[in-house]
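Reviewing the structure listed below.
The numbers here are math on the coordinates, done by the rules we state, and not lab data. These figures come from a predicted structure and were not determined experimentally. Cβ coordinates were reconstructed from backbone atoms using ideal geometry, including for glycine residues, and neighbour counts include every protein chain displayed.
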Amino acid sequence: MKGADEPAWVQILNAAYKEYESWWRGTTVEEMCKQEKRPNFDLEGRFIAELDGKPVGIVHAHVDSSSQDNKGFIYDFCVIPEFRGLGVEEKLLVAAMDELEKRGMNLIQTWTGIKRDDRIQLLEKHDFTFAHRTIDMEIDLTDIPSNIGENTTVTIRPLRKDAKEDIETLNWLINECFKEDPLHHPKPVEETRQSLLNNPHLKEQEFFFAVLDQTNIGYIGVGIDEKYNIENNVKSGRISGIGALKTYRRRGIGTRLMLQGLKTLRTKGMTKAMLDTADINPTRAITLYEKVGFKIMQEYVTYEKHIA
């Protein structure tokens, strides 16, 4: 129940996601309440599992109200480790599937760590099939490369957070650069604005545009999650997004943007940078990341189920 169950939800989330140490940082009730206010957050379909009156598991059957397709998502599918193997996960999964089917979804997606054989077996038992792989990557910022094919003719300019036209340009670029990506759904301007100005995790963010002939042709976003760094005793930044318009790809623009982002993070005192990508990304962005020097840290798998 909104306004009452957030503490239990956060406690379970933090206990269950510790195994994903390459990216997870503990969240708080305050941060969860901020997420609930985001324009695309689905307040429905959240379930808590209890054993002997104690909350031990959660799941969120999420429907994106801004999306035009009938695809639902199973998020925050967590059971505290010591309560796994008792049938709790299966009951949560069934509750989420029933909820999404009731709300008219034709496709359901969820993810798990590549080493969670028990979760994968559970999903396959309920007719989920493998869809794609997500990869977490990291780079050491001690020695950022140069002369690796970056385009030196484009101009790089910072996004002005107080300029409405810059936020609208960023929104347009995000949607245009990824319109062929099967994992992307068009984002409204308000969602981009909230992510930029009121991000609960990346409170310190900067975005840059690549400009050629007075046209914005690409972008990169970088951010710092201070809480993650404190909890893990690191100085790590994140590449929160990068893209170039299709007609300008394979011209070193992505490389130039990436180097700009890495240098910005190093200037802010960061010693490492992280990002994630999917193996079905149509641009094969992982080749750019590997060229710059990113290494694979952890992998996840997404499973999906079609509903007749």
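Of note:
- The ratio of the alpha-carbon radius of gyration of the stretch 115-246 to the globular-protein estimate 2.2 N^0.38 Å is 1.29.
- Averaging the Cα positions of each part gives two centres, and for the stretch 173-203 and the stretch 130-153 these lie 21 Å apart.
- Antiparallel beta bridges, as assigned by DSSP with both residues in the chain, represent about 90 percent of the total such bridges.
- Charge dipole of the stretch 6-127 (Cα centre as origin; +1 on each Lys and Arg Cβ, -1 on each Asp and Glu Cβ, all else neutral): 200 debye, rounded to the nearest 20.
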